[in-house]
Amino acid sequence: AQRDESTGWTKWRAGRLYALTSVLVYTGVRASEALYLQVSDLDLKGGFLYVREHEGHRLKTLAAGQSPVPLAPALIPILEEWLAHRMDAPPDFKTDANCPWVFPNISRSAKAPWVQGSTGQRPLDRLKAVASQAGVEGFTLLSCRHSVVTHLKTSWGAGEGFAKLMCRHTNLSTQKHYTHSDLDGLREGASRIEY
């Protein structure tokens with residue numbers, strides 16, 4: 001049965017999923033980095049997010065937390081809209097006013113972000129379900145990071161150095177595992193060449 005995503009909890013959950021997916025596909029941050037983002041890690045006016053260690057979340061590498069991650073202009077209004085509604089709840093629903101998480105769990109607990117849930121309601125479960133509806137099979141949270149690196153180096157024309165900085169890889173050889181064949185992207189990149 002198709003859910004009505006325009007009202008109540010379903011709307012809130014859909015907004016959270018949309019904002020999370022947008023962060024993943026526009027920034028290339030690791031899934032755990034996105035899930036453990038706190039509101040204080042965002043500088044929407046400056047156009048950056050900062051990946052930091054938080055209780056329950058250690059950074060994968062030292063480089064992961066040393067560089068700000070640039071925000072694509074299209075991502076900023078998505079995050080602004082989500083942040084305006086991330087604490088929405090019915091009047092009688094008790095939430096934790098000290099919830100720091102950009103992607104809170106349903107109770108808005110300050111203890112942990114949305115990293116768990118019942119079967120079908122975990123972040124990966126929800127993203128896989130949406131990807132499947134869109135005809136994308138085999139989707140993982142890491143798929144977003146791979147796509148960003150591939151597109152940076154092909155259709156977006158950024159090059160290896162920028163991809164390394166944006167994704168905070170410790171060396172360029174790491175990227176060979178993230179770059180995939182993208183003939184359409186290569187063709188699009190070449191279409192900008194003219195004399």
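Remarks
- Residue check, Leu17 at pLDDT 90 or above and in contact with a strand residue (DSSP E or B) (Cβ under 6 Å, 6 or more places away or on another chain): no
- Cβ separations smaller than 8 Å between residues 6+ apart or across chains give the following pairs from region 23-48 residues that are polar (S, T, N, Q) to residues that are part of a strand (DSSP E or B): Thr27/Leu49; Thr27/Val69; Thr27/Pro70; Ser32/His57; Gln38/His54; Gln38/Trp101.
- Verdict on Asp182 being open to solvent by 40 Å² or more (accessible area, probe 1.4 Å) and either at pLDDT below 90 or of a type in the set (Asp, Glu) (or both): no
- Residues that are open to solvent by less than 40 Å² (accessible area, probe 1.4 Å), closer than 18 Å to Pro113 by Cβ, touching a Ser or Thr at 6+ places or on another chain (Cβ under 8 Å) and modelled with pLDDT of 95 or more do occur in region 79-94, at least one of them.
- Contact map, region 89-107: first residue closer than 19 Å to Leu20 by Cα and of a type in the set (S, T, N, Q), second residue at pLDDT 85 or above and not in a strand (DSSP E or B), Cβ cut-off under 8 Å, separation 6 or more or different chains; pairs are Asn105/Ala112; Asn105/Trp114; Asn105/Val115; Asn105/Gln116; Asn105/Gly117.
- When Gly138, Gly157, Gly120 are checked against the criterion of being open to solvent by 20 Å² or more (accessible area, probe 1.4 Å) and modelled with pLDDT under 70, a single residue qualifies: Gly157.
The values are calculated or read from the model by the stated rules, or taken from the named source; none is laboratory data. This is a predicted model, so every value here is computed, not measured. Reconstructed Cβ throughout: ideal geometry from the backbone, glycine too, with neighbour counts over all protein chains shown. Only protein heavy atoms, including side chains, enter the accessible area calculation; ligands, DNA and RNA are left aside. Shrake-Rupley method; radii C 1.70, N 1.55, O 1.52, S 1.80 Å.
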